[in-house]
Every structure is written in C-alpha cells, then in structure tokens.
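Worksheet for the structure shown next.
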Amino acid sequence: MSDAVDIIEHMFEYEGMQTAAALLTTDSDRGDRGDRSGRGGPARGRAGHAGGLRGSDPLGDARAALERITTLRSRVSDMESTRVDTAGLPTAPALAPLLPGGAIRAGGTYAVPESVLLAMTMLQAASAAGAWCAVVGVPSFGVEAAAAAGIDLERLVLVPDPGDQWLAVTAAMADVAQVVLTRPLGRVVPGDVARLSARLRQRGGALVALGSWPGADVTLRVTSSTWSGIGQGHGHLTERRATVTATGRAGAMRPVSTEMLLPAADGAVRAAVTAPVALPGGGSGVSLVPDRTLQPVAVAS
C-alpha cells in the first residue's frame, strides 16, 4: 500500500496525473483538430467508431481513479492539519516555549541551521520515551554527547555518510524512526519535500534538518551566546548561555526567543532559570545565571 501511495504522490507532484475533466477536454480538442485537419473523414470516423466499440481508454480510467484517491488524501490531510488536538511528540522542556503548542508536531518539519547540540535536543525527549531515532549525514554527531543528553543509543540509527543518496536514506529512515535528523547534502526540490512530508504524516514522525529546509514549519536559530567558566585568562569552559529564536514558515508565527543553557555545566540542555540575588541597599532581584557544578562532560556545538 505504501508503494502505491508513493507512486500516486509522485505522479501528482510531477503533473503526471490530470483531472478527469482535463482529460475529457484534451480528448475533445484532439477530436476537433482531427475533424478540421482530416479529409476523407468518413473513413476516419468509422475507424474512430470501431475504436470506441472496443472499449474505453484504460489509461484515462486509471488516471481518473488516481485523481479521486489523491483528492481524498488531500482532504484528509487538510482535516488532520487543522485539528486542534494534533498529536505532539515528546519534547524537551527547554524547547516547549519555542514550538507551536509547546511540542514537536507529528508530521512536522523543523530546521536547525547551525547547532548540532540544539538539533540533538530535538531527539532527546522522544528517545527517552522509547522512540526510535535516526541521524543521517551528520558525521560530527557524537554518541557520547548524545548519551549525555539522554538519548537512548540502543534505539538510535546512525548513517554518517549516505553520499548522494541522502534523501532516499532519509525517506527510508522515516519509515522506521519517529524523529529523523538529517543534514541536507544537496538541493531539495518541492516535489521531494511534499513526498517526504506525506510519509512523515503517515508514520506520525517528524523531520529535523541540520541546515535549511524548504517550507519548514519552524526554524530554530542560536542568535547569540556567551560561554562562562574562564576567569582572568584561566579556568575551564563550563556552560554556554544562548538565545534561541524560532520563526515560522512564511510568517506563519511571530518570532519567539528564549534563553537556555546550551549546554549547562552538567552537559544537559535546559532553560535558563531565574534565581534570587542580593542587590545593593538590601533589595533583591533575579539572575539568569544558575548554580554551576563543574564536571567533565561531552559537548557538541
């Protein structure tokens, strides 16, 4: 059934399929041109009549049937995409303020242009909940950093170097993994995006692109960051406080920013929490710098 659906979607995207009305109009136009250009019409007319008696056009019937199936699929997809209770995948709390509905949406596509660690965090909660995850075309994806982030390595599929077949490998991983992280290694055409999105909706998964992705539902960028831990020319880097900004597809959502530790001193990614601090004159305020516990950790950028 999946192969048949893929064929249908392929024909639809590349305009290999037309509506029955369009086919009928095309056949009429051809008939009119034949009547206007042909002499000896009675012989051709008899031949056409005999052809009509032999039966209808199988290709036209097949195309009309595929068009009806595609129309129904489109209506179902539209209804699913507009549901208020669209299923959300397990999502790291630090990411919740940045995503519509506070969760990664099943069938959604997300772009993280630069940060491997931020992209890794998109997998963390789903993996911890028992979902399979896949990483395609990211040789810098460190398993130690993934384990430190809470990703279950027993349910993680790595394809570091898919070569020029990266898109086919990504689509195959979408059949078995709930969250797929991929690095686009070439130009992505709209038809490929549509077919992969349809597969994600069918499987209830999500795609995270380490880079730009056409029509991504949400794009997450690290817009500023500062490292702490080094004093007067000495010390060790302990944690990075970053501002992450989320933007939607074609202005579908207003830009939203949040502060998070990427990573914190213990290697985890979490929201920057407020803590009371003493102010001159006996007052009090808040600080976004949390308590630091120095530990050796595996860190991804």
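Every residue, every condition in (1) surrounded by fewer than 14 Cβ atoms within 10 Å (Cβ to Cβ); (2) modelled with pLDDT of 50 or more; (3) on the phi > 0 side of the Ramachandran plot, yes or no:
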{"site": "232", "(1), (2), (3)": "yes, yes, no"}
{"site": "241", "(1), (2), (3)": "no, yes, no"}
{"site": "251", "(1), (2), (3)": "yes, yes, yes"}
{"site": "256", "(1), (2), (3)": "no, yes, no"}
{"site": "270", "(1), (2), (3)": "no, yes, no"}
{"site": "295", "(1), (2), (3)": "yes, no, no"}
{"site": "299", "(1), (2), (3)": "no, no, no"}
Task: Criterion violated by residue 266 - all others in (1) open to solvent by 50 Å² or more (accessible area, probe 1.4 Å); (2) assigned to a loop (DSSP other than H, G, I, E, B); (3) modelled with pLDDT under 60 satisfied - done: (3)
- [ ] Sort out which residues of the range 108-134 are charged (D, E, K, R) and buried (at least 20 other Cβ atoms within 10 Å of the Cβ), and write them in order of number.
- [x] none
- [ ] Answer yes or no: is there a residue in the range 79-86 that is under 15 Å from the mean Cα position of the chain (by Cα), open to solvent by 20 Å² or more (accessible area, probe 1.4 Å) and either at negative phi or at pLDDT below 90 (or both).
- [x] yes
Task: When residues of the range 162-193 are limited to those that are farther than 20 Å from residue 113 by Cα and among the polar types (S, T, N, Q), the one surrounded by the most Cβ atoms within 10 Å (Cβ to Cβ) - done: 178
Open item on the list: Would you confirm, using the coordinates I've provided, whether residue 137 is at pLDDT below 90 and either open to solvent by less than 10 Å² (accessible area, probe 1.4 Å) or touching a Gly at 6+ places or on another chain (Cβ under 9 Å) (or both)?
Closed with: no
Task: Verdict on residue 159 being surrounded by fewer than 23 Cβ atoms within 10 Å (Cβ to Cβ), more than 17 Å from residue 196 (Cα to Cα) and touching a residue at least 12 places away in the same chain (Cβ under 8 Å) - done: yes
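In this structure, does residue 152 turn out to be under 15 Å from residue 120 (Cα atoms), at pLDDT 90 or above and open to solvent by 40 Å² or more (accessible area, probe 1.4 Å)?
Taking the combined requirement at face value, the residue satisfies it.
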Task: Positions within the range 177-193 being under 30 Å from residue 72 (Cβ atoms) and assigned to a loop (DSSP other than H, G, I, E, B), in sequence order - done: 177, 178, 188, 189
TODO: Check every one of the strands (runs of 3 or more DSSP E) wholly within the range 82-176 and list those with 3 or more residues that are out of contact with any Ser or Thr (no Cβ under 6 Å at 6 or more places or on another chain).
DONE: 156-159
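The values are calculated or read from the model by the stated rules, or taken from the named source; none is laboratory data. Just so you know, these numbers come straight off a predicted model, no measurement behind them. A quick note on method: Cβ atoms are made from the backbone with ideal geometry, for glycine too, and the neighbour counts reach across all protein chains shown. Keep in mind that these areas ignore ligands, DNA and RNA; they rest on the heavy atoms of the full protein, side chains included. Shrake-Rupley method; radii C 1.70, N 1.55, O 1.52, S 1.80 Å.
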